[in-house]
Amino acid sequence: MQQAVLPLLVLVSGPPASGKTTLATILAERYALPLFAKDMFKEMMYDNAGELPSLAMSRFMGKCSIDSLQIISRQLLAHTISHILEANFDAALFTPVLRTLAQDTPFRCVQVQMKCDGAVLT
């Protein structure tokens with residue numbers, strides 16, 4: 001009897017300009033996985049705002065974007081669909097989300113934490 005293969009959730013995280021989007025895009029193309037990124041949602045909100053948002057509004061949009069990633073991931077995992085999420089996940093904030101997801105639906109998870117020397121970023 002074959003065992004069902006659990007869906008795979010790939011989290012690509014790190015500071016701005018560390019290569020998150022580049023790596024996530026390569027992985028999505030190579031393994032034919034859907035990719036959802038925080039900035040996809042945040043940029044859509046910026047575009048629909050019609051004006052440059054305040055710092056407080058930008059942070060609110062960022063939180064809404066992360067919440068959107070959680071909603072999408074929950075649905076995809078429930079339907080055993082492997083996928084990639086890309087954002088500057090805060091481990092302290094996102095780890096409880098992963099635990100909650102795992103209670104609802106079993107899945108495998110790979111977390112990639114991008115890093116870059118500050119001198120390279122400037």
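Observations, loosely collected:
- Annotation: MET45 fulfils all but one of (1) open to solvent by less than 70 Å² (accessible area, probe 1.4 Å); (2) among the aliphatic types (A, V, I, L, M); (3) at pLDDT 95 or above; the unmet one is (3).
- Considering region 32-75, and only residues there that are assigned to a loop (DSSP other than H, G, I, E, B) and touching a Leu at 6+ places or on another chain (Cβ under 8 Å), the residue that is farthest from ALA87 (Cα to Cα) turns out to be LEU33.
- Total residues in region 59-81 satisfying the condition of being polar (S, T, N, Q) and touching a helix residue (DSSP H, G or I) at 6+ places or on another chain (Cβ under 8 Å): the figure is 4.
- For GLN111, the criteria (1) open to solvent by less than 80 Å² (accessible area, probe 1.4 Å); (2) polar (S, T, N, Q); (3) outside any helix (DSSP H, G or I) hold in every case but one, which is (1).
- Test: ARG30 is closer than 16 Å to LEU11 by Cα, more than 16 Å from the chain's Cα centre (by Cα) and loosely packed, with under 13 Cβ neighbours inside 10 Å: yes
- Candidate set from region 62-71 (those that are among the hydrophobic types (A, V, I, L, M, F, W, C) and loosely packed, with under 15 Cβ neighbours inside 10 Å); member that is farthest from LEU11 (Cα to Cα): CYS64
- Taking region 1-31 as the range and being in a loop (DSSP other than H, G, I, E, B) and either hydrophobic (A, V, I, L, M, F, W, C) or modelled with pLDDT under 95 (or both) as the test, the residues that pass are MET1, GLN2, GLN3, ALA4, VAL5, LEU6, GLY14, PRO15, PRO16, ALA17, SER18, GLY19.
The values are calculated or read from the model by the stated rules, or taken from the named source; none is laboratory data. Treat the numbers as computed from the prediction; the structure is a model and nothing was measured. Cβ sites come from the backbone with ideal geometry, for glycine too, and all protein chains shown count toward neighbours. The accessibility values were calculated without ligands, DNA or RNA, using every heavy atom of the protein model including side chains. Shrake-Rupley method; radii C 1.70, N 1.55, O 1.52, S 1.80 Å.
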